[in-house]
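First the structure, in the form of structure tokens, and then the observations on it.
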Amino acid sequence: MKLIFNETSIFYTRKGSGPALVLLHGFLESATMWERLSMTLAQKNTVLTIDLPGHGQSECLDETHTMEIMAETVNALLQKEKIGTAGFIGHSMGGYVALAFAELFPEKTDSLILLNSSPAEDSPERKQNRDRAIELMLVNPKGFIQMAISNLFAETSRKQFASEIAALKKEALSFPVHGIIAGIRGMRDRKDRTSVLKHFKKRKYMICGTKDPIIPLEVSEILSKHCETPLIKVESGHMTLTENYEEVVKIMLFID
Ligand code: MLT
């Protein structure tokens, strides 16, 4: 289905009925990542998935896709679908967007599940890496996308998930280059939202990968303590939903 937000076409899906759940994908991903899990969740929920601006089948909104503008896009989706409040499951960048949404629209946020994500801002070193990533995207987008996607998986699972990795790369290679760059800029410039997570008093969890190469386990442990948010550890890299699907389903049913 299509939503027009700020004269920009945004793709989304809706299935099931019951309390609303919005699933937000990560960087270089799309609503496709939730296809399997959304079938399970839709047995008890209205499940919305969206291609965030510049990803999947959605167009670009701007030169920088801030977490706030992406959260506003999600809000436009809720308005279009006449949904008052929703729970959020955000994978990595999708978690950053969920936190921005919770800050902008606390009264509309029922729960926050951060999957391989973090409420913290980028460190200075990580910001520099983002600038390097933008430079690389400008000269060799294919090379950057292929490297970045392989690096999301734990080294030990790259062989086992070779076909999933190939499918992700194929899809991401179809995204507009300026959309990917807008996402990198948005992540680089995002603000710290540890206090948003800490003060969010409804249902909240962090789910992390024990071998996550992007958000190390030790970082998740510190943040979960600081933000008073229960941490669930799963044996996987950054792509927990793919690398340990059965475990994620069990967790989702358990924390329901
Ligand atoms: C993601 O998976 O969304 C990104 O890798 C997150 C990040 O780079 O901070």
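Brief remarks on what is shown
- Apportionment of accessible area to carbon and sulfur, the chain, percent (1.4 Å): 53 percent
- Of all beta bridges that DSSP places with both ends in region 1-126, some 35 percent have antiparallel geometry.
- Whole-Å semi-axes of region 1-83's equivalent ellipsoid (Cα gyration tensor): 21, 14, 10
- Dipole axis of region 2-254 (+1 Lys, Arg; -1 Asp, Glu on Cβ), positive-most option in ILE4, THR156, ILE251: ILE251
- Spatially proximal aspartates and glutamates relative to LYS2 (Cα-Cα < 14 Å; intrachain offsets below 8 disregarded): ASP51, GLU59, GLU81
- Here the dipole of region 1-149 is about 620 debye; that uses its Cα centre as origin and unit charges on the Cβ of Lys and Arg (positive) and Asp and Glu (negative).
- Rounded to the nearest 500, the 222 nm mean residue ellipticity of the chain from helices alone is -13000 deg cm²/dmol, with -39,500 (n - 2.57) taken per DSSP H run of at least 4 residues.
- Enclosing the Cα atoms of region 198-256 in their convex hull gives a volume equal to 70 cubic angstrom per residue.
- Furthest towards positive pole of dipole, VAL196, GLY186, ALA172, structure part region 2-254, Cβ charges: VAL196
- A Cβ-based charge dipole, computed about the Cα centre of the chain with Lys and Arg at +1 and Asp and Glu at -1, lands at about 400 debye.
- Bridge orientation summary for the chain: considering DSSP beta bridges with both residues in this region, about 25 percent are antiparallel.
- If you plug the beta carbon distance of LYS191 and PHE105 into 1/(1 + (r/R0)^6) with R0 = 22 Å, you get a FRET efficiency near 0.85.
- Here r is the Cβ-Cβ distance between LYS15 and LEU136 and R0 is 25 Å; the resulting FRET efficiency, rounded to 0.05, is 0.10.
- What the Cα convex hull of region 72-151 gives, in volume per residue, is 122 Å³.
- Anisotropy class of region 121-256 from Cα gyration tensor, a/c 1.5 cut: oblate
- Dipole of region 14-140, positive direction: furthest Cα of ASN116, ILE134, ALA42, with charges on the beta-carbon: ALA42
- Whole-angstrom gap from region 24-56 to region 154-230, using each part's C-alpha centre: 15 Å
- Restriction of the trypsin sites (Lys or Arg not before Pro) in region 194-223 to DSSP coil positions whose beta-carbon has at most 15 other beta-carbons within 10 angstrom yields LYS201, LYS202.
- In this structure, the residue pairs whose Cα-Cα separation is over 32 Å, taken from LYS159/LYS250; LYS80/LYS159; LYS44/LYS198, are LYS80/LYS159.
- log10 of Debye I(q)/I(0), alpha-carbon scatterers only, for the chain at 0.15, 0.16 Å⁻¹: -1.06, -1.24
The values are calculated or read from the model by the stated rules, or taken from the named source; none is laboratory data. Keep in mind it's a predicted model, so treat the numbers as computed, not measured. Virtual Cβ from ideal backbone geometry, glycine too; neighbours counted across all protein chains shown. We work out accessible area using only protein heavy atoms, side chains counted, and drop any ligands, DNA or RNA first. Shrake-Rupley method; radii C 1.70, N 1.55, O 1.52, S 1.80 Å.
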